[in-house]
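Enquirer: Below is the structure I would like to discuss, written out as structure tokens.
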Amino acid sequence: MDRDILERNDPEIFQAIVGEERRQQAGIELIPSENYTYPEVLVALGSVLTNKYSEGYPGRRYYGGQTYTDKIETIAVDRAKRLFRAEHANVQALSGSPMNQAVYFALLKPGETVLAMDLSHGGHLTHGAPVSHMGKIFNFARYKTDLDRGGIIDFDHVLKLALETRPKVVLCGYTSYPRDYDYAAFKRVADRVGAVTMADVSHVGGLIAAGVMKNPLDLGFDIVTTTTHKSLRGPRSGLILCRSQYAKAIDASVFPGLQGGPHMNTIAGVAITLKKAAEPEFQEYARSTLSNAQTLAKGLLARGVTLVTGGTDNHLLVVDTVKSFGLAGNRAEAILDQVGITTNKQIIPDDPNPPLRPSGIRVGTPAATCRGMRDAEMERIAQWIVEALRAADDSATLNRIGSEVRALSLRFPVPGIG
Ligand code: DSN
């Protein structure tokens, strides 16, 4: 960003950006779906590529002047295929929701059935929440986790549901599920009913790219979707990876089915991200993201906190704040905001409370790990979370924790903030 020109010509927006930079630098980001992208990606996002219309695909565009955009998109596609061992990749989805919508429209007619996770057990809005357009257009049948067995998925139950509802798509992959996914078991269910297998791995896309979590494409899945701005550390975008037999339908569904011009500045940022994700430093980052989540979980459990499923296998934890602290999730989120620790309120499985006043919060380690925080910091964060939520209305304690959080945060620079 040419900062001077913006400061001179639109000081209101400039100051808001500076304010957000200070907020990000002075606090600890624990929202599991957030991360800090690379400075190189910020350069691409702010480049002249944003001026260009590129409807179509490389070599088959509806506008002229595509010498460089074709090159960029081809590089992004090749890197995505290589990194995820995919037969085909589409890099044009503008973000997570259109990415999943494009897949549904490629595979289903209105009214056909998708078997997906119940929202309160970790499923995503685009996995057919009744308030979403997708929930109205397609029919979503729901499986849940088995809380008596540590939050695993009961595949006898999933199979029974599949035999009853005959889904065209069996979908796994979630937004607030702290365990790994048993892709092989999902595939067995899908094969029994002749369904297409789809995994939305948006949360763990970076961990899969780094090879520290299983890749559903290696296990025979047909279609995998992932956003690029979570554990992958890229710009806000979506990737659709699939077997060749679905390539044509997926591409046509993204454009012209659902979208117009792709955001070429973002696609350049995705290409940069995918190159970085193939480097050894990224594998080390992904390993640390997982081990930090273990340390954070241990620190919370040791202080008597109730975690949904009792722990985590990935980068995120769901804290039952009602059971642990007698606080609704929105209250817990607000208290932690006050001390500079950012989390998000979260419904827990079969939550009796509504989404804006749910029973929990979600915390995760991708962003903090990106800044270089490790075990010692995770242990300290667990202590602060518990102290702050127990203190609740005690402003002296919250002020003291707030100063400590700020002091620690300033020691760990946020990438991209100069
Ligand atoms: N909003 C994302 C998340 O926080 O998980 C999913 O869309």
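Every read-out reported here was derived from the displayed coordinates using simple, explicitly stated rules and does not represent laboratory data. None of the values given here were measured: they were computed from a predicted structure. In this analysis, Cβ positions are derived from the backbone assuming ideal geometry, glycine residues included, and neighbour counts consider all displayed protein chains.
Enquirer: Whole angstrom only: what separates the Cα centroid of segment 1-73 from the Cα centroid of segment 230-275?
Expert: Taking the Cα centre of each part, segment 1-73 and segment 230-275 sit 16 Å apart.
Enquirer: Separate question: Projecting each Cα onto the charge dipole of the chain (Lys/Arg +1, Asp/Glu -1 at the beta carbon, about the Cα centre), which of Leu207, Leu42, Ile5 comes out farthest on the positive side?
Expert: Leu207
Enquirer: Which of His121, His88, His157, His315 comes first, and how do the rest follow, when ranked by fewest Cβ neighbours within 10 Å?
Expert: On the way: His121 24, His88 19, His157 12, His315 28.
If I rank by nearby Cβ atoms, fewest first, I get His157, His88, His121, His315.
Enquirer: So if I place +1 on the C-beta of Lys and Arg and -1 on the C-beta of Asp and Glu, and nothing else carries charge, what would the dipole magnitude of the chain be about its Cα centre? I want it in debye, nearest 20.
Expert: Charge dipole, the chain, about its Cα centre: 600 debye, nearest 20.
Enquirer: Mind checking the log10 I(q)/I(0) for segment 168-219 at q = 0.17 Å⁻¹? Debye, one equal scatterer per Cα, no solvent, two decimals.
Expert: So the normalised log intensities work out to -0.50.
Enquirer: Relative contact order for the chain using alpha-carbon pairs under 8 Å, separation at least 6, rounded to a whole percent?
Expert: After rounding, I find 23 percent.
Enquirer: Here is a follow-up. What residues qualify as long-range amide H neighbours of Gly360, i.e. H under 5 Å apart, gap of 5 or more or another chain, H built at 1.01 Å from N?
Expert: Amide H neighbours of Gly360: Thr321, Gly329, Gln346, Ile348.
Enquirer: Throw me the Rg/Rh for segment 337-418, computed over C-alpha atoms with Kirkwood Rh, two decimals.
Expert: Ratio value, two decimals: 1.01.
Enquirer: Through the Karplus equation 6.51 cos²θ - 1.76 cosθ + 1.60, θ set to phi - 60°, convert the phi angles of segment 175-181 into ³J(HN,Hα) values in whole Hz; use x for Gly and Pro.
Expert: Working through the residues one at a time gives 10, 8, 10, x, 10, 6, 9 Hz.
Enquirer: Using only the alpha carbons of segment 219-291, determine the length spanned along each of the three principal axes and report them from longest to shortest in whole angstroms.
Expert: Projected onto the principal axes, the Cα atoms of segment 219-291 cover 41, 32, 16 Å.
Enquirer: Radius of gyration and Dmax for segment 42-185's Cα atoms, expressed in Å?
Expert: 18.9, 59
Enquirer: Further question: Cut-off is 10 Å between beta-carbons; in what order do Lys345, Lys248 appear when sorted fewest neighbours first?
Expert: Listing Lys345, Lys248 from fewest to most nearby Cβ atoms yields Lys248, Lys345.
Enquirer: Could I ask something else about it? Using each residue's phi in segment 141-151, evaluate 6.51 cos²θ - 1.76 cosθ + 1.60 at θ = phi - 60° and report the 3J(HN,Hα) Karplus result to the nearest Hz, with x for Gly and Pro.
Expert: Here the 3J(HN,Hα) series is 9, 10, 10, 10, 8, 9, 5, 6, 10, x, x Hz.
Enquirer: Amide H to amide H, which residues 5 or more places from Ile153 or on other chains are under 5 Å from it, using H placed in the peptide plane?
Expert: Here Asp146 satisfy the definition.
Enquirer: Which residues' amide hydrogens lie under 5 Å from the amide hydrogen of Ile341, considering only partners 5 or more residues apart or on another chain, with H built in the peptide plane?
Expert: The list, which skips near neighbours in sequence, is Ile28.
Enquirer: If you don't mind, another one. Starting from the Cα gyration tensor of segment 1-82, take the square roots of the eigenvalues, sort them a ≥ b ≥ c, and report rounded, prolate or oblate (rounded when a/c is under 1.5, otherwise prolate if a/b is larger than b/c, else oblate).
Expert: oblate
Enquirer: Okay, next question. Could you give me the ³J(HN,Hα) list for segment 207-219, computed from phi with Karplus coefficients 6.51, -1.76, 1.60 and θ = phi - 60°, whole Hz, x at Gly and Pro?
Expert: Each residue's phi maps through the Karplus curve to give 6, 6, 4, 7, x, 9, 9, 5, 9, x, 5, 5, 9 Hz.
Enquirer: Rank the residues Met99, Met134 as a footprinting-exposure proxy: fewest other Cβ atoms within 10 Å of their Cβ go first.
Expert: Ordered by Cβ neighbours within 10 Å, fewest first: Met134, Met99.
Enquirer: Another question, if that's okay. Taking the Cα centre as origin and putting +1 on Lys and Arg beta-carbons and -1 on Asp and Glu beta-carbons, what dipole magnitude results for segment 226-362, to the nearest 20 debye?
Expert: 80 debye
Enquirer: Could you compute the FRET efficiency for Glu55 and Ala26, with r as their C-beta to C-beta distance and R0 at 51 Å, rounded to 0.05?
Expert: According to the calculation, E is roughly 0.75.
Enquirer: By Kyte-Doolittle mean hydropathy of at least -1.0 and Cα axial length of at least 20 Å, which whole DSSP H helices of the chain are selected?
Expert: 11-26, 67-84, 280-302, 375-391, 395-410
Enquirer: Just the Kirkwood number for the chain, please: inverse of mean 1/r across all distinct Cα pairs, in Å, one decimal. Write out the running numbers ahead of the final one.
Expert: Details: mean 1/r = 0.0450 Å⁻¹.
By the Kirkwood definition, the hydrodynamic radius is 22.2 Å.
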